[in-house]
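Below: one structure in structure tokens.
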Amino acid sequence: MTEQDLHSARTSDIRPVESFGHAVTSVCLVTPLAPGDSEGNNLEDFEGHSLYSRDLLSALRKKWTIEVVANQTAKAARGEPGVYRVWKPGFQYPFRMLRQVVKIRARVVHFERLGPTVFGPYFTVPFVPFLALVLRLLRKRVLVSFSDVVDVGKVDPAFLHAFQSWLHTSVLVRIGLTYFYFLIGKFANTIFTQTRNSQVILQQRYRIASDKIKLVPLSGPALRHDVSSEPAKRILGLDHRKVLLFFGHLAPYKGLEALIEAQAMVQRHRSDVTLIIAGGNHRRIRHDYLGHLRDLAREKDASVKFTGYLPTESIPTVFSAADIVVYPCTSISGSSGCVSLTKQYGKPLVTTTAVAKEEGIAHLLDAYVIPEADSELIASAVLELLGDDSLTGHLCSNLARTSVPFDLIADNISSTYQRLLA
């Protein structure tokens, strides 16, 4: 989101024609995460993105009539007003979704958190560009919010192994990704990305016109739950301890083995430090990765508290309790829910160069950035921050300032709806 975009969102007098507080023209929001859902009952682990999806829909519904087309999961709520659960992951999805869009007569179809496999296994990838083409032929406006943008230049066997892909042929994956992003770029009216790096990849790798792409960062509304540090630690049974926090789904590319080893190193200097690992296994993990991490923590005699899958209502407690958030991810293809929440809660962040590049944050300005997920580097960074309140405060305030106000994000999306309908 450029300064011009922010200025336009603040000053624009353009609003959709309204009837009883809502726009006459409906918008269809296609999402794998409906308002009543959480990460625990969906096909994706969104590591906090459910908060963004829920709050964004609430803000947009103040200005627009929005119907939601979502996936049907075993634990999904029934009977939500304006929510149509018409599909399950698989090849039938595009046809069921298309039928529902025609029924509700939406003129704008907004795919939220779209990724190559968000609607099912790899064989469903070709259906998404096809669906966008059919919608355009039906004179619908198609808006796509990419949850992540994978650079095909970085797809190699190590990348596929890190992301637990059952497709072991790099060439096939590169062809599929190129097909997916290039054709979506051809058929969509507008594309939203969450990071500036994703913008560059779409333009340079996939030849998508720059005027089609808008930057809409991952953010959230002002915090409604004020849980101060010590009460939150008391709830977690960590009174008067220093708390390190990792938040997100668990996968080998998250640098968690190095983080646990770093915790064991930190304990040799500071016996009052505990690491919380908050999250469950990524859906692609086919073995007990959480169990592996528990075994490693016992082997290293590291003070680690595993929460498993963390319900949305528990997120304020763990972030309020944290003294430092550590996110040592080795590979990232989009904005991080963990980093977004770290900004909101005003916590210092230790992360890797890979994350810093994607998020546009700088070493010792916005966060403590280390080159890679190395246990000694993580331990050194943590000990330095625990011993330097001035540096910690500096990083917290600067990182928080990089967060874009949520109402401006909602206004920017709303103005895009208006432009597409003009």
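From (1) at pLDDT below 90; (2) buried (at least 16 other Cβ atoms within 10 Å of the Cβ); (3) of a type outside the set (Lys, Arg), pick out the condition that doesn't hold for THR190.
Failed condition: (1).
Moving to a separate point now. Give me the residue from the stretch 142-175 that is out of contact with any Lys or Arg (no Cβ under 7 Å at 6 or more places or on another chain) and buried (at least 20 other Cβ atoms within 10 Å of the Cβ) and, out of that set, modelled with the lowest pLDDT.
Residue satisfying both the conditions and the ranking: VAL173.
Another one. May I ask you to say which residue of ARG298, ARG286, ARG268 is basic (Lys, Arg), out of contact with any helix residue (DSSP H, G or I) (no Cβ under 7 Å at 6 or more places or on another chain) and modelled with pLDDT under 95?
On the way: ARG298 fails: modelled with pLDDT under 95; ARG268 fails: modelled with pLDDT under 95.
The match here is ARG286.
SER336 versus (1) among the small types (Gly, Ala, Ser); (2) buried (at least 23 other Cβ atoms within 10 Å of the Cβ); (3) at pLDDT 95 or above: which is the lone unmet condition?
SER336 satisfies all of (1) among the small types (Gly, Ala, Ser); (2) buried (at least 23 other Cβ atoms within 10 Å of the Cβ); (3) at pLDDT 95 or above except (3).
Is it the case, given these coordinates, that GLU358 is touching a residue at least 12 places away in the same chain (Cβ under 8 Å) and under 27 Å from SER333 (Cβ atoms)?
Yes.
Hey, can you tell me all the residues within the stretch 335-361 that are out of contact with any strand residue (DSSP E or B) (no Cβ under 7 Å at 6 or more places or on another chain) and over 17 Å from LEU244 (Cβ atoms)?
SER335, GLY337, SER340, LYS343, GLN344, ALA354, LYS357, GLU358, GLU359, GLY360
Something else: Quick check: is even one residue across the stretch 349-357 assigned by TED's automatic domain parsing to the domain that holds ALA264, touching a Leu at 6+ places or on another chain (Cβ under 6 Å), closer than 20 Å to LEU259 by Cα and polar (S, T, N, Q)?
No - not one qualifying residue is present in the stretch 349-357.
Restricting attention to the stretch 254-286, which residues are hydroxyl-bearing (Ser, Thr, Tyr) and surrounded by fewer than 19 Cβ atoms within 10 Å (Cβ to Cβ)? Don't jump to the end; show me each part of the working.
Kept after step one, since they are hydroxyl-bearing (Ser, Thr, Tyr), are these residues of the stretch 254-286: 271, 274.
Answer for the stretch 254-286, where residues must be hydroxyl-bearing (Ser, Thr, Tyr) and surrounded by fewer than 19 Cβ atoms within 10 Å (Cβ to Cβ): just SER271.
Tell me yes or no: at least one residue of the stretch 352-363 is part of a helix (DSSP H, G or I), of a type in the set (A, V, I, L, M, F, W, C), surrounded by 19 or more Cβ atoms within 10 Å (Cβ to Cβ) and over 19 Å from the mean Cα position of the chain (by Cα).
no
Right, next: Is it the case that some residue within the stretch 400-414 is within 12 Å of ILE324 (Cβ to Cβ) and not polar (S, T, N, Q)? Full working, then the answer.
Keep residues of the stretch 400-414 that are within 12 Å of ILE324 (Cβ to Cβ), which gives none.
Within the stretch 400-414, none of the residues are within 12 Å of ILE324 (Cβ to Cβ) and not polar (S, T, N, Q).
Counting just the residues of the stretch 302-332 that are in contact with a Phe, Trp or Tyr (Cβ under 9 Å, 6 or more places away or on another chain) and closer than 30 Å to VAL155 by Cα, which one comes out surrounded by the most Cβ atoms within 10 Å (Cβ to Cβ)?
Ranking the qualifying residues of the stretch 302-332, first place goes to VAL326.
Right, another one. Need pairs with beta-carbon distance below 7 Å; first residue within 23 Å of ALA297 (Cα to Cα) and touching a residue at least 60 places away in the same chain (Cβ under 8 Å) and within the stretch 307-320, second of a type in the set (Val, Ile, Thr) and surrounded by 19 or more Cβ atoms within 10 Å (Cβ to Cβ); sequence gap 6+ or separate chains.
Close Cβ pairs satisfying both conditions: LEU310/VAL318; VAL318/ILE276.
Going by the structure shown, is VAL101 aliphatic (A, V, I, L, M) and at pLDDT below 90? Outline the logic, then answer.
On the way: aliphatic (A, V, I, L, M): yes; at pLDDT below 90: yes.
Here the answer is yes, as VAL101 does meet what is asked.
Being within 20 Å of the chain's Cα centre (by Cα) and either modelled with pLDDT of 85 or more or more than 28 Å from LEU218 (Cβ to Cβ) (or both), is that true of even one residue in the stretch 133-141?
The answer is no, given that none of the residues of the stretch 133-141 is within 20 Å of the chain's Cα centre (by Cα) and either modelled with pLDDT of 85 or more or more than 28 Å from LEU218 (Cβ to Cβ) (or both).
If you don't mind, another one. Whether any residue in the stretch 365-375 is in a helix (DSSP H, G or I) and on the phi < 0 side of the Ramachandran plot is what I want to check.
Yes, there is a match, as at least one residue in the stretch 365-375 is in a helix (DSSP H, G or I) and on the phi < 0 side of the Ramachandran plot.
Let me ask something additional. Looking at ASP301, ASP272, which is the one that is on the phi < 0 side of the Ramachandran plot and touching a residue at least 12 places away in the same chain (Cβ under 8 Å)?
ASP272 is the lone residue from the list that is on the phi < 0 side of the Ramachandran plot and touching a residue at least 12 places away in the same chain (Cβ under 8 Å).
The values are calculated or read from the model by the stated rules, or taken from the named source; none is laboratory data. Values in this document were obtained by computation on a predicted structure and should not be read as measured data. Every residue, glycine as well, gets a Cβ built from its backbone with ideal geometry; the counts of neighbours run over all protein chains shown.
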